[in-house]
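Notes follow the structure.
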Amino acid sequence: PFGPGSLQEYIDHNPNRHYFSFPPADRQRLRPVALFDLLVNNADRKGGHILFQKRTRRLILIDHGLCFHTEDKLRTVVWDFAGEAIPADLPSATADFREHLRGSLAATLQTYLSLEEIDALDARAGTLLADPSFPPPPEDRRAFPYPPL
């Protein structure tokens, strides 16, 4: 009755536990996060935007409207895997995503993204499939968000 709105889920987590305080084992779990950020061109992945749910230890990502731009704007704190091959299961998931994107998903996304943004998303997926490795941070622009937490 009050017009459009949003629904948010509260995630029970420790706010003092974030990317910069993760132990090495938890950082190793972030490869899918790095791949996701590459695909959506996340321009603001801060250390506090990665949560582990207290009870289940499920990985939760907090995102926002600074994604899907047509220009390369990736800014993230998760550059841990730069130069590494993307694990074998992730490119196949990317290929499945791209196939779905080229099918019915594109029509669904048009409610939220421009055709140019959808085309750029498809192109980023294609680039990752052609060279399934995590790229290094760019040297020609800021690669880290500010503030980092």
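The values are calculated or read from the model by the stated rules, or taken from the named source; none is laboratory data. Because the structure is predicted, anything quoted here is derived from the model rather than measured. Using ideal geometry, Cβ is built from the backbone for each residue, glycine included, and neighbour counts are taken over all protein chains shown. To get the accessible areas, we keep the full protein, side chains included, count just its heavy atoms, and leave off ligands, DNA and RNA. Shrake-Rupley method; radii C 1.70, N 1.55, O 1.52, S 1.80 Å.
Sorting LEU129, LEU39 by accessible area puts them as LEU129, LEU39; the probe is 1.4 Å, largest comes first, and only protein heavy atoms count.
Taking 0.36 nm per residue of separation and subtracting the current Cα-Cα distance, fully stretching the chain between ARG29 and ASP89 would add 20.2 nm. Taking label points 7 Å from Cα along the Cα-to-Cβ direction, ASP122 and SER21 give a separation of 4.4 nm. One quarter of the surface of the convex hull around the alpha-carbon atoms of region 92-137 equals 3.6 nm², the direction-averaged projected area.
Sorted by accessible area (1.4 Å probe), largest first, how do LYS54, LYS46, LYS73 line up?
LYS54, LYS73, LYS46
In region 92-149, a dipole from Cβ-located charges (positive for Lys and Arg, negative for Asp and Glu) runs towards its positive end, and of LEU149, ALA93, LEU121 it is LEU149 whose Cα lies farthest in that direction.
Mind putting a number on the dipole of the chain about its Cα centre? Charges go on the C-beta only, +1 for Lys and Arg and -1 for Asp and Glu, and I need it in Debye to the nearest 20.
720
Which whole-number percent of Cα pairs in region 26-149 have a distance greater than 23 Å? Taking all Cα-Cα pairs of region 26-149, the fraction more than 23 Å apart is 31 percent.
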